[in-house]
Every structure is written in C-alpha cells, then in structure tokens.
Amino acid sequence: MIQHINFLERDYFVLSYRRMALLAAGFLGVAVLVYGLLILQTFLIGVRSARVSEEVNQLKLQRERVIAKAQEARTPGPQGETMVRQSLEESLRWSAILKKMTREMPSGVWLVSLKSYDRSGTFGRGLILSGEAVDARNITRFLNELSRTPFFDQPVLTESKQEIRGAGKVYTYTIDTAVLPVNPETLW
C-alpha cells in the first residue's frame with residue numbers, strides 16, 4: 001500500500017551540479033550568441049551609415065557643380081527667374097484642388113479616375129471625374145459641392161448609370177468640369 005509520494009525525490013527532478021553546469025553553459029551560450037548578433041548588427045549599421053553619408057557628400061558636390069554651371073550660363077538680369085516664378089504662381093495648385101475635392105466628397109461616393117485636358121476655345125483646363133456612388137443623391141450632393149468651390153466652374157454630369165456589383169447596386173458617374181486658376185491668397 002502507497003502511503004506517501006514525494007515527486008521531488010524522483011530522478012527527473014534531482015538538480016545535480018552537472019545539470020546546473022549544463023544549464024549555466026546553455027544560458028551563457030545564448031547570451032554570447034545574442035551579444036555577437038548585436039555587435040554584428042552595430043557594425044553593419046555603421047558601414048551602411050558611412051556609405052549613405054558618402055553618397056550624400058557626392059550628391060552635395062554634384063548639386064554645387066550644377067548650381068555653378070547654372071550661374072555661369074545665366075543671362076544677365078532676372079528674366080529667367082521672373083518667368084519661372086510667374087509660371088509657378090499662375091499654374092494650377094493640383095494638391096489644393098484634390099484636397100478640396102476630397103473634403104467636399106460625401107460619404108458613399110468614390111473617385112475611380114481623374115483626367116485633365118486642355119479645354120479648346122476657353123482659358124484653362126478641363127477635368128473629367130469618373131467614379132462610383134451608393135445612390136444617386138450622393139452624386140447630386142457631390143455635384144452641388146463642386147459647383148460651390150472656387151476651383152471648379154459649371155460641373156456637368158455627363159453620364160450616370162446603375163450597375164449590379166456582387167450583392168448590391170452601385171451608380172457609376174462621369175462629371176466634366178472646368179478648372180479655374182485661383183488666386184493663391186484664397187487657397188488658405
């Protein structure tokens with residue numbers, strides 16, 4: 001008959017000096033391996049950093065050479081600078097236009113494509129917006145919001161149709177509008 005079982009006295013749980021030495025050696029081996037990997041990583045980062053700083057220095061030298069050549073080839077007077085500055089000020093601010101358009105876009109309306117073209121016979125550029133909407137009211141709301149912005153002139157819904165996609169219905173649309181040059185002070 002069994003009266004008492006002591007699991008600590010079993011051979012598996014006996015902690016001898018040999019097992020302690022093996023555990024310590026294993027732990028020390030893992031620690032040395034991790035330390036070696038960290039040293040290798042630090043060395044590789046240093047090499048990569050030196051390579052990048054060398055490339056940056058080469059690019060700086062190249063930039064200085066290009067600027068020096070441009071200064072030599074520059075015609076006397078600020079004609080070139082004035083022309084560039086004037087063309088940049090008069091050009092469309094596409095980032096501001098896209099930001100304003102996405103802010104005005106109601107939820108449930110998605111833009112699929114955006115095409116810019118020269119409008120014949122009029123000043124400025126034209127824009128064709130193609131997309132999808134959950135329902136026709138959202139397209140109407142989007143058209144109204146576009147007509148209220150200072151960027152777009154007379155947006156016209158040129159095509160709209162209902163399609164079945166998967167389990168639901170979706171409306172596809174195409175809007176044609178003129179893009180107006182806007183005074184930079186009115187952008188912000």
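The values are calculated or read from the model by the stated rules, or taken from the named source; none is laboratory data. Since we're looking at a predicted model, the values are computed, not measured. Glycine gets a Cβ as well: all are built from the backbone with ideal geometry, and neighbour counts include every protein chain shown.
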Residue satisfying condition, being modelled with pLDDT of 85 or more and hydroxyl-bearing (Ser, Thr, Tyr), within set Ser95, Ser160, Ser116: Ser160
Residue that is farthest from Met105 (Cα to Cα), among those in the range 145-178 that are outside any strand (DSSP E or B) and of a type in the set (A, V, I, L, M): Ala167
Pairs where the first residue, in the range 140-151, is closer than 15 Å to Thr102 by Cβ and the second is among the β-branched types (Val, Ile, Thr) and assigned to a helix (DSSP H, G or I), C-beta under 9 Å, 6+ apart: Thr149/Ile97; Phe151/Ile97
Set Arg148, Arg125, Arg141: member being loosely packed, with under 14 Cβ neighbours inside 10 Å and either of a type outside the set (A, V, I, L, M) or modelled with pLDDT of 75 or more (or both): Arg148
